[in-house]
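Each remark here refers to the structure printed beneath this line.
Rule-based calculations on the coordinates, nothing more; no lab input. Owing to the predicted nature of the structure, the values given are computational and were not obtained by experimental measurement. Because the Cβ atoms are built from the backbone with ideal geometry, glycine has one as well, and the counts that use them run over all protein chains shown.
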Amino acid sequence: MVPLLIRSSLAACLSITAMTLGVVAAELDTPQFDDAQLEFFEKEIRPILAKRCYECHGPDSETPGGGLFLTSRGALLAGGDSGASIVVGKPDESLLIEAIHYDGIYQMPPKSRMPEDEIAKLEQWVASGAAWPVSDEKNTPQKEVFDLEKRKAEHWAWRPVTRPQLPAVKNEAWVKDPVDRFILAKLEDAGLAPNGPAEPALLIRRLSFDLTGLPPKPEEVEAFVADPSPAAIEKVVDQLLASPRFGEHWGRHWLDLVRYAESRGHEFDYDIPNAYQYRDYVIRALNQDLPYNELVVEHIAGDLLERPRTNAETGSNESVLGTGFWHLGDWVHSPVDIRKDETDRFDNMLDVMNKAFLGLTVTCARCHDHKFDAISQADYYAQMGFLQSSSYRQVRFETAEHNQRIADSLDKLKDEFQNKAKAAYQSGIDRVSGRWEKELLTPGSPWNLVLAEAAKDAKHPLHYWAKSFSVTDEQRPLLLEEVHKLAEQQRLSIADYPGHVIHDYENLPKTQWRTDGVVFGNGPEKPGAFLWNSSNEPDVIGVRTDGAAVYDTRWSGLKLKPGVQDDFGKTRGWNRAGRTLKTDTFTLKDGRVHYLVKGSGYAFAVIDSHRMVQGPLHGKSGNRWESKDASQVQWIRHDLRDYLGHSIHLEFTPMDDQPLEVLLVVDGEQMPPRAKDAAKAALAFDQAASSGDVNAQRFLQTLKGAIDTPDGASLANWLVRNWDKLMPGEPNPFKDLAKQYRDQSQALLADVRWESCTAPGMWDNSAEKESLLIRGNTKTPAGLVERQLLTAITGTDNSFDPHGSGRLQLAHQMMNADNPFASRVAVNRVWHYLMGRGIVRSVDNFGVLGELPTHPQLLDYLAAEFVEDGWSLKRMIRRVVLSQTYQMSSTQAGSAEQADPKNDLFHRAEVKRLSGEAIRDSLLMVSGRLDEKMYGPSVPVYLTSFMQGRGRPGQSGPVDGAGRRSVYLEVRRNFLAPMMLAFDTPQPITTIGRRNQSNVPAQSLILLNDPFVIQQCEIWAKQAITQTPDDTQLRIERMVEQAFSRKPTAEELTLAKQFLESHGQTLSIAPQQMASSVELWRDLAHVLVNAKPFIFVR
């Protein structure tokens, strides 16, 4: 019915320019109607609209369906979210008529189809001009105008970060850091005073948990309490910041932001292969205090850095690991609507990126312009273009940089020997050209015998040359005409191909060369390149006759380290990482994709970026073929007609050590004709013959120049392979060069690192744009949108890489010091984690629906300092925790609580409950079971009998998680640890910068009954008995110090002794055995764990 391009383009214009419905009739082309037309409308059309449509689209609708009013001609022409409802005079192109016919995605009225006579009347009305009284125009409700600049100007967060003047305060003595001035000034304005300092024991406990997520050891508390010097706290802070435990704790904060998980969720909860490598990367980066701006750049585009950051110890590529965060979301295996699934995945990726790094809810603009913030729907789809231009891979990060240097050296060596061989080839011809010129026409000579054979064989590259020496003068014009026609056919074969040429690797621009790893080299092999150790014919020296992407089998030994997970779905078992060639993205037009190849291999069609092909639904995306003769080309057919109109790219992978060359990739019903060597040679013959008669001298000149032209490569190849035969008694320079090349290349290859771990990461595609989807519906695409960050931040600057994703430019724009969100959001998160709440409480939303900053000047001061100080997170944390503000007591004072009940003015420190991870890690630490081993594969989650369902792992992990810190426990979306859930570890769905602080019965039940808690209490009891075998009071004191990071009060000592005595009697333990009873002391440990001081920090 309605051409989609026309309708969607109009809709895009309407959406982007935000036209109103309340425009005058003249502006919407309202002609004069005669009385008969208006009478027809009033008698026939208005009653239909009132009866069938006004319930949802009438004048009384506050929020009409789809944003469409049917109350005037102007309203119809302006349309709703899906564009204009009618095209005047053209019912077949009108969305309204399509909808009432139930022909498209809209079916109106939704409850039942209109009678045919009413449909006919509406068609007649539209065809005759859609008459409507002009008087109704003034009653048409106005559509809200999206004014981006107005919204930007009205909201504080879009304003530039400005360094404020330090405020004056009355109590100068209280100020230790400029941070304190901003807090104190507000308190003094409110007539309040800050709380006094926290007790030393409480302060070191607070510092230890805030910086490392673990309690201090009793001896550390004792030393800190005993040292009253001002340097004591600085010493403790510096030790905690330098501790490896810092990165583990703050890394867990970061993992909340990127919805870290190691499985995909949904029905079967499939693995995210090697996701733990990303977690380890985060911990290392935070421990090294990688500047925050660089950390974010690595997340957005670490794969695109010209000089990636490498691990000082292993040489592995650290930067690329950051891009793994894109792929940590939940994915659906084999979705029915594969395009809808793509937009859902991209939506989550953009949601995480924008909330985590900008504090903005950009994805609220998926279906319409943002209702509150200066973010248009076009902005949303502009960002989606970066994801359309990128794809997933498992990257060999450990060896990529090292092996790439070897590959570069091999390329340089190959170029060097190509030049030597070319010089030897041409000088050799020069040396014997006089003799050859005589031999060409001398009966019985080697050349004469060769030409005689070639004249009989139409496939021989010298066929037409041979005939040229034997034809008469009368026959020569006919031969030249035959050759010219054949040559012309070859010139036009690809250009005239009616299908879509995806890649012709012989003529591929460098900007379209895309490989993961080194096995295909740094570019396609060109015709005329010498074959020293051909993958097809390892013992033959020759010249390449076809341009192709060539798998260098010398790299076939690349492996994955034991335990590394491979890809999922139909690609399982294909050794793909670092061994894959990729085409540009293209829209599938015919559906019958063909690729011209030599050798054996695999091809995977990545359709709408979908990869989780676990069932039969999308099984056609994978293709596998084997060749009996790797020297022969063959066309491979890949039937993808189920995906017509979808965006795809192809990925080619060799079979282990089997040769593979990819020459041509096309989308079309027929394969394009491909010239044989004889036809290619005919081009060279035609070029030589066009300037005069062909003769022996011209033939030798053509042979000499053949090495320089694609058309002459078949001649050069034939000559090199027959060099000894045609040059008896002459040395063969190519054999010596081949040996030298092999020896030198083997020396380089001896340093290859063959085994590597892999990790999820990004891989750049061709530059693609996303369509604006009307109401977020994939079935109603509008015009393509240029890539950009956000109009309100960068204007319409879309100067991104025209051949790649543009993510690197995006990352630099995001982290530009002029972007007001990047630094504000970062320092607000630091403040939130240390102070218990952010200066902006809604840490993930700096938009209109977020909360206003309580101390906007302090926020800007910290943001400006953060940037000026090199974006150092550790230094920002250090200055906050060394401030008087942080070190205040959390004790509540009545008058201050009444004046500042929510502690918005930070008149005291917050009392904070420990996270589930910190509670569990504390149990391991006090019991002595904590294993401080860092990094490596996650410990499988302990599965209780209640954790059932599809995708349940086949094997449970140990109850105590092998003693490892909680950050190293496996995070499976469908099987999350109950203890973590009870204590508010977030579901890994989207960015969570502020965890819930719930108080529910499940928490008490966990601490009372969880087998892990009971187990650790028993281990703790055994340790306590061993360490203090004879002194009950000393044992109690030490256990309390371990649990609460302070000495017990006299009352606590008395209560503990009373508990031991009464509980010992309950357990029928003889008094003389109480000191050694594991069961008794286990239960005391259990009591301590269930006391509030164990799980709260004051």
Cα gyration tensor, the range 494-674 - rounded (a/c under 1.5), prolate or oblate
oblate
Mind pulling the angle between the C-alpha long axis of helix 696-705 and the longest principal axis of the chain? Nearest 10 degrees, somewhere in 0 to 90.
0 degrees
In degrees, nearest 10, the alpha-carbon axis of helix 338-358 is tilted away from the dominant principal axis of the alpha carbons of the chain by 50 degrees
Let a ≥ b ≥ c be the square roots of the eigenvalues of the Cα gyration tensor of the range 825-928; is it rounded (a/c under 1.5), or, if not, prolate (a/b larger than b/c) or oblate?
oblate
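Using only alpha carbon pairs under 8 Å that are at least six residues apart, calculate the relative contact order of the chain and give it in whole percent. Mind showing how you got there, number by number?
Numbers: 1980 pairs, mean separation 183.1, N = 1098.
So the answer I get is 17 percent.
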Other-chain or far-sequence residues with amide H under 5 Å of Arg913's (modelled H)
Val1097
Using a Cα-Cα cut-off of under 19 Å, which aspartates and glutamates could be cross-linked to Lys1057, ignoring same-chain neighbours fewer than 8 residues away?
Glu1018, Asp1030, Asp1031, Glu1037, Glu1041, Glu1079, Asp1083
Please list, in order along the range 368-377, the HN-Hα scalar couplings obtained from phi with the Karplus expression 6.51 cos²θ - 1.76 cosθ + 1.60 (θ = phi - 60°), rounded to whole Hz, x for Gly and Pro.
6, 4, 4, 6, 10, 9, 7, 9, 8, 5
Suppose each label sits 7 Å from its Cα in the direction of the beta carbon; what would the Asn722-Lys170 distance come out to in nanometres?
10.6 nm
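Can you sort Leu1008, Leu1084 so the residue with the fewest Cβ neighbours within 10 Å comes first? If you can, show how the numbers build up before the last one.
On the way: Leu1008 12, Leu1084 22.
Fewest-to-most ranking of Leu1008, Leu1084: Leu1008, Leu1084.
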Under 15 Å from the Cα of Lys422 - aspartates and glutamates, other chains or at least 8 residues apart
Asp430, Asp708, Asp736
Can you tell me which of 913-920, 872-879 comes out highest on packing, and rank the rest after it, using the mean Cβ neighbours within 10 Å?
913-920, 872-879
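Grab the Cα-Cα distance for Val501 and Asp473, subtract it from 0.36 nm times how many residues apart they are, and report the gain in nm with one decimal.
Values: separation 28, 0.36 × 28 = 10.08 nm, distance 4.21 nm.
Going from the current span to full extension adds 5.9 nm.
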Rounded to the nearest 0.05, what FRET efficiency do Leu1034 and Ala190 have when you use their Cβ-Cβ distance and R0 = 41 Å?
0.30
Provide Leu660, Leu350, Leu387 in ascending order of the number of other Cβ atoms located within 10 Å of each residue's Cβ, fewest first.
Leu350, Leu387, Leu660
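Counting each DSSP H run of 4 or more residues in the chain as -39500 (n - 2.57), what helix-only mean residue ellipticity at 222 nm follows after dividing by all residues, to the nearest 500 deg cm²/dmol? Before the final figure, lay out the partial values.
Working: 41 runs with 455 residues, N = 1098.
Result for the chain, helices only: -12500 deg cm²/dmol.
Relative contact order for the range 494-674: what percent, with Cα pairs under 8 Å and sequence separation of 6 or more?
Details: 401 pairs, mean separation 58.3, N = 181.
Relative contact order here is 32 percent.
Order of 51-63, 754-766, 885-897, 977-989 by packing, highest average Cβ count within 10 Å first?
Numbers: 51-63: 14.8, 754-766: 21.9, 885-897: 17.5, 977-989: 19.6.
Highest to lowest by the protection proxy: 754-766, 977-989, 885-897, 51-63.
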Lysines within cross-link reach of Lys150: Cα-Cα under 28 Å, excluding same-chain residues under 8 positions apart?
Lys138, Lys355, Lys371, Lys769
Relative contact order of the range 908-1003: what whole-number percent is it, with Cα pairs under 8 angstrom and at least 6 residues apart?
32 percent
Please arrange Phe1059, Phe821 by how many other C-beta atoms lie within 10 Å of their C-beta, fewest to most.
Phe1059, Phe821
Which percent of Cα pairs goes in each bin when the distances of the chain are cut into 10 angstrom slices starting at zero?
2, 9, 14, 16, 16, 14, 12, 9, 5, 3, 1, 0, 0
For the Cα atoms of the chain, what angle does the longest principal axis make with the long axis of helix 1032-1044, in degrees from 0 to 90, nearest 10?
50 degrees
Find which of Gly251, Gln165, Asn816 sits farthest along the positive direction of the dipole of the chain, computed with +1 on the beta-carbon of Lys and Arg, -1 on that of Asp and Glu, about the Cα centre.
Gly251
Checking the table Lys412/Lys739; Lys582/Lys735; Lys217/Lys1022 against a 26 Å threshold on Cα-Cα, which pairs fail?
Lys582/Lys735
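Could you sort 924-936, 722-734 so that the peptide with the highest average Cβ count within 10 Å comes first and the rest follow in order?
Values: 924-936: 17.3, 722-734: 14.2.
Listed from highest to lowest mean packing, they are 924-936, 722-734.
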Thr442 versus Lys559, label points 7 Å from Cα toward the beta carbon: distance in nm?
5.8 nm
